[in-house]
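Student: Take a look at the following structure, please.
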C-alpha cells in the first residue's frame, strides 16, 4: 500500500526527531566523557600536590593557592614552566618517564643534572632570592 504525502511527511518528521534525539544523546555522552577525564586529571594533580606538600591536608584552599602563586609566580618558577612546556611541545607524542627519587619527587624535574640522589640543599639555593622578594 502506497503512503500518502501526509504520511510520508509524518514518517520523515519522526525520523528527524529520532536523529535529533540520537544527536543529543551523543553530545551528552561526549560531555560526560570530557567531565570524567577532567575529574580524573584534577584528582591526580591534587594527589600529586598532597604527596609533595607536607601536611597538605591541613592547609586551606586559599593557603595552597597562595603557596602556588608565590612559588610558580617567581621568575625561577616561570623559567621551569617554560622549560617543561618547551619539552612537551618538542615531543608531543611522548611523555617523559618519571624517575622516582628518595624524596618522592620525580628525578627528571628541570634543574636536575644527574641521576644521583642529593639532599636538595644545593638546588634549593637557586631562585630563592625571587621567592623572598615576592
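Student: Determine whether residue 68 is modelled with pLDDT of 55 or more and out of contact with any helix residue (DSSP H, G or I) (no Cβ under 9 Å at 6 or more places or on another chain).
Tutor: The answer is no for residue 68.
Student: Count, please, the residues in region 45-75 that happen to be surrounded by 10 or more Cβ atoms within 10 Å (Cβ to Cβ) and assigned to a helix (DSSP H, G or I).
Tutor: The total comes to 20.
Student: Considering (1) surrounded by fewer than 10 Cβ atoms within 10 Å (Cβ to Cβ); (2) within 22 Å of the chain's Cα centre (by Cα); (3) modelled with pLDDT under 90, say which one residue 96 fails and leave the rest.
Tutor: Failed condition: (1).
The values are calculated or read from the model by the stated rules, or taken from the named source; none is laboratory data. Quick caveat, the model's predicted, so the values are computed rather than measured. Neighbour counts run over all protein chains shown; Cβ positions are idealised from the backbone, glycine included.
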